[in-house]
Structure formats: C-alpha cells, structure tokens
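Report on one structure; see the data block that follows.
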Amino acid sequence: MTKVLPQLARELIKLSPHNHKELAAAKRSLAKKFKLSLLTNSVLIHELKQLEHADQRLFKLLKRRLVRTKSGIAPVAVLTAPFPCPGRCAYCPTDANIPQSYLANEPAVMRAVHCNFNPYDQVIYRLRALEANGHEPTKIELIVIGGTWSALSATYQYWFIKECFRAANNFPNNKQQTTNNKAKETLANLKTSLQKEQKKNETAKYKIIGLTLETRPDYIDEPELWRMRELGATRVEIGVQAIDDKILKLNRRDSSVADIKRATKLLKNFGFKVTYHFMPALPGSSPAHDKKMFQAMFSPDKNQLTQAATAPAALNKIIARPLANNDFNPDQIKFYPTVVTKGSLLYTWWRTGKYQPYSDAALKKLIIACKQIVPPWVRIIRLIRDIPGESIVAGNKITNLRQIMQSAGVACRCIRCREIGTEKFKARQAKLFVTKYRASAGDEYFISWANAAQTKLYGFARLRLSPDNIFPHTALLRELHVYGELIPAGKKSSKVQHRGLGKSLLKQAETIARLAGCTKLAVISGVGVRGYYKKLGYKLKQTYLLKSL
C-alpha cells in the first residue's frame, strides 16, 4: 500500500476538493481507484507533507479538531503520577492507581496511563497526535493536571517539568530516550538541568509559551510562587469550588474564603494568570445561592471604566479614576457542576438521600445567568468537566453542554465567546480599547484589540499596577495573547497572528504604566516567548523580563 500513497496524494491535489463534502467524495473515488480501504486524514496529511508543493488549503481541509489550535496555541495536558492527596473532599472520586479526583476513563488520564505517567512520553505522544491531525503545535501551552501540585515533592516537580521541556526540545527527532531516574538526581542537579532545557527552549521549534499548574488556595505562599516561577509557570488554577465557608466546611474542603482571597492577591502580585474552579450544585448550596456567589466574584459594571485608546491623553482619566475593589475577580473560570461518581463520600450521601443534584433545566438556567454576569476580561474555559457520561451516577450527564447552549443562541461577553478563531482578520475593523477595574487591592487594565462593537476579540493584554507587586515601582504584564488560528513563527497569514497586534498591545501597556508613574514594566513571560521580549529591549531578571520605561 505504501508504494501507491505518494501517487494517491498527488491525485488528491489534482482533484482539489473545496469543502468536506468534496473531500469525502475524492477519498472514496481514490480508494476505489487504488483498491484501498478509505484512508484516514492523518495518513493523507503525512503523505502530503512529503511532497514539495502541497496545497495549504488542502492541509486545512484535512485538519481534524480545528478547535484545538484556533485560540492561537496548542494545549498539551500532562498528568502527574498517582501520589496520595492531602485533601478529603466529599465530592472527589477515588480510582485505583489514578490521581485523586480523576477517573481512569477520562481522555487525558488514558493517555497518561498509556505512557506510564511519564511526562516526557506524554508530551511526545500528544505532539505526535496533534501533528498527525494536521496541526503545527509550535506554540505549546503546557497544562499540568493531577490535583494539588504543591503537595508533591520538590524533586518530583523539577524532574517532571524538566522532562516536559526536554520532550518539546527533542521533538520531532526523538533520539534521546525517556528517563525515569529522578530518584538518583539531587534537587540541585535537577534545577540546573531544568535551566539548561529552558534555555534550549527559547530557540527551539516547539516552544512552551505557557505553563499551567493547579493547586489549592491554602498551599499558596511566596516561596511556593517563586518555585513555580523557577519551573516556568505563567498560570495557576486554584480549586475555589465555592466562596462560602459553610459550604466549604460541609464538603470537607479544608480551605476558606480568606485563603481564596489571600491566594488570589498573591498570585496577581506575582503576575500569574488566575483560574478559578467553581462548582455549582455542591451540598449545602442552591441555584440561587450559586448565582449569588458567582456575582460576588466580580465587580459590578459600575466599577469598571472603558475607553477607546486613541492617544495617551485619553488615558489620563481612566488611570486616575478610583474604582471599588473586589477580592476575587479571576481571569478565567472552569465551571464544574457537581456530579456524583462512585468512590466518593458524595455517592454515599446521594444513596442515602442526603444529597440531590440539580435537574438539567435548573443547571442550564443557572449557567445562562452566570454567563450574563461574567465580565469581558474573563474567559470561561470549561462549562463541564471532561468526565465520561458512563461514570456519572447522578447529576449532569450532558458532556457537550457548551455546544448545545451555543446552538441554542446562548452567548456572553466572556473572552472565549468573543475570540476571533479562524475568521479572516480585517484590520480596518480593529479598534484598541482599555478597560480598568479594581481587583485584589490593585488596578487592572484589560487592553484589547476588537471590532467597534467588541463582539470580536483579536487580542488582549492584562496589566497590573499595585504597590504590592513583587518589584517596586514596576507594573506587571500578566498576559499578552493574540487570538486566531495558530500560525508558526515566521509564517505570513491573513489571520490575526503576526500582524503587529502583540507589539501594539505591549506599547499601550508601557504607556499606561509610564503615565501611572511606574519606572519599569515586568513581563511574566513563558519560557518559549522570552526571545520575543528580548528583541524588544527586555532583559531577564529573576525569571521575569524587565524593561525601564
């Protein structure tokens, strides 16, 4: 069969299908002509890559799960080994030889088990799958899952992240074998090895441009955040679940609302993006109370100010305007409705009639209400956790709830609902906006490129001004993201990336910081993006990129 594949690929190019219907017809015709079974898209993509002049439009048509990279990055999730969990949460399932709160049949868990939980192998496995489906995962957002990262030993942490960077650096020429000798390496040696791999990644083809870790609010302190920065982390997800101490205590969460507020402030003062895990329908709550807690997470509309950024003078008012503070205001939300699974204390409560989950109708109504509350500087990453329906004993079993609600016309102002995706970029429609809000005793500026109605978001930056920032008299750029389909560095496109929007957002952030009296701007840059900022005059200091204003 392999002998005829190059010829088949050339004939597919000649047929030049323009849509998925024509592609399916062409595949059937060629399979019949060459007396083969119907070829998968990944096989055809592989063959087209071997040709010198392959049609890029055809590559896009063959690409599977376009949503994977339409936000401008390639997410790669890796799972830690099943160490004991310090928590005792009522809702968490327990599955043998699987990290606490995860189930063996979840997609990311199945990949990790296949790789024996080895981080190097997990990264290689995921990158190969993305490339086989037509993606170019050169801008990697590494997401480490597995529960409370901060409870793991420092030796394991540095070894795990070092192996992830090593995998990205070696891909696709995976000549070096995976290593499992973490027990033989000292912490000092692991730190040195990690720094070497990070330095390589600055110029590697497959760059880790963002690194996410998940932990509990009560584990956050300054030494822990400095360690996360050494590892290269840029985003931290914390299990908030509810902002009500009675509900947290009832569900044996072992953290408090005070912990959440303190952790949120510390994370922002270090420049991290902050993601909350929010769990409606917990024992002790109700739809009305869940909505009330969700409202409490964000400043009301009257406590924000938006200004079209046409000139520095137009920003003076927005910079000086005092706003009401909010101690929560996360940057992102994972909306995880409570479900009952076997192996949890909640399962016992449900069986004995002590707990009753929300109906599908009540849950949908609550989500619609929350989506109307969420501010435009927040991204709802998930509406449902990726637990297979067959593992859910009671509670919501609709695993594609977001898609169902979108098809019903339910939308909101959140970042994900507005990001441009794969649409063609029209520069004449783009306008620059600055929105100021007060959060965790600091001034936050959401600087964005969008259309005039702000229904299409092209890119944004998050700037924080606070006297408690880790560097004195220094503003913190907590995020810079240009949306649109992932375009590898150096390639031109009609899409949003590589059109100068990132540089203009950075310049606007520098202007705001300078007008506010800051003498420096510090960027919490992902390791793989350090080179970008260095070219713009920034210098590496204590894992941050700094520039005098």
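Each value in this text was obtained by applying a stated rule to the coordinates, not by laboratory testing. Remember, predicted model here, so these are calculated numbers, not experimental data. Here the Cβ positions follow ideal geometry from the backbone for every residue, glycine too, while neighbour counts run over all protein chains shown.
State, as an integer percentage, the relative contact order of the stretch 217-318 based on alpha-carbon contacts under 8 Å between residues 6 or more apart.
29
Could you order the peptides 139-150, 467-478, 359-370 from most to least packed, using the average number of other C-beta atoms within 10 Å per residue?
My ranking of the peptides, most packed first, is 139-150, 467-478, 359-370.
From the phi angles alone, apply the Karplus equation (6.51, -1.76, 1.60; θ = phi - 60°) to the stretch 238-254 and give each ³J(HN,Hα) in whole Hz, x where the residue is Gly or Pro.
10, x, 7, 6, 7, 10, 8, 5, 5, 5, 4, 5, 4, 8, 6, 6, 6
Quick check for me: using +1 on Lys/Arg Cβ and -1 on Asp/Glu Cβ, what's the dipole size of the chain about its Cα centre, in debye to the nearest 20?
In debye, rounded to 20, the chain gives about 1720.
From the backbone phi of the stretch 358-374, what are the Karplus-calculated ³J(HN,Hα) couplings (6.51 cos²θ - 1.76 cosθ + 1.60, θ = phi - 60°) in whole Hz, Gly and Pro given as x?
Values, residue by residue: 6, 6, 4, 5, 5, 5, 4, 4, 5, 5, 4, 5, 5, 5, 6, 7, 4 Hz.
Please turn the phi angles of the stretch 337-345 into ³J(HN,Hα) values with the Karplus equation 6.51 cos²θ - 1.76 cosθ + 1.60 (θ = phi - 60°), one per residue in order, whole Hz, x for glycine and proline.
x, 5, 10, 9, 10, 5, x, 10, 5
If packing is taken as the average number of other Cβ atoms within 10 Å across a peptide's residues, how do 159-169, 339-349 rank, most packed first?
Going by the mean number of other Cβ atoms within 10 Å, highest first, we get 159-169, 339-349.
Given the options ALA96, LEU36, ALA314, identify the residue whose Cα lies farthest towards the positive end of the charge dipole of the chain (+1 on Cβ of Lys, Arg; -1 on Cβ of Asp, Glu).
With unit charges placed on the Cβ atoms, the residue in question is LEU36.
Starting from the amide H of ALA394, placed 1.01 Å from N in the peptide plane, find each other amide H under 5 Å away whose residue is 5 or more places distant or on another chain.
Those lying under 5 Å, H to H, from ALA394 are VAL340.
Between rounded, prolate and oblate, where does the stretch 427-548 land on the alpha carbon gyration tensor, with a ≥ b ≥ c its root eigenvalues, rounded for a/c under 1.5, else prolate if a/b exceeds b/c?
It is oblate, given that a/c is not under 1.5 and a/b is not larger than b/c.
Just order 424-431, 377-384, 458-465 by mean Cβ neighbour count inside 10 Å, highest at the front, would you?
With the highest mean Cβ count within 10 Å placed first, the list reads 458-465, 377-384, 424-431.
Counting only helical runs of four or more DSSP H residues, what would the 222 nm mean residue ellipticity of the chain come to if each run contributes -39,500 (n - 2.57) and the total is spread over all its residues?
Only helices count here, giving -10500 deg cm²/dmol.
Run down the lysines and flag those whose C-alpha is under 28 Å from the C-alpha of LYS354, throwing out any fewer than 8 positions away in its chain.
LYS354 reaches LYS246, LYS249, LYS291, LYS292, LYS334, LYS342, LYS364, LYS365, LYS397.
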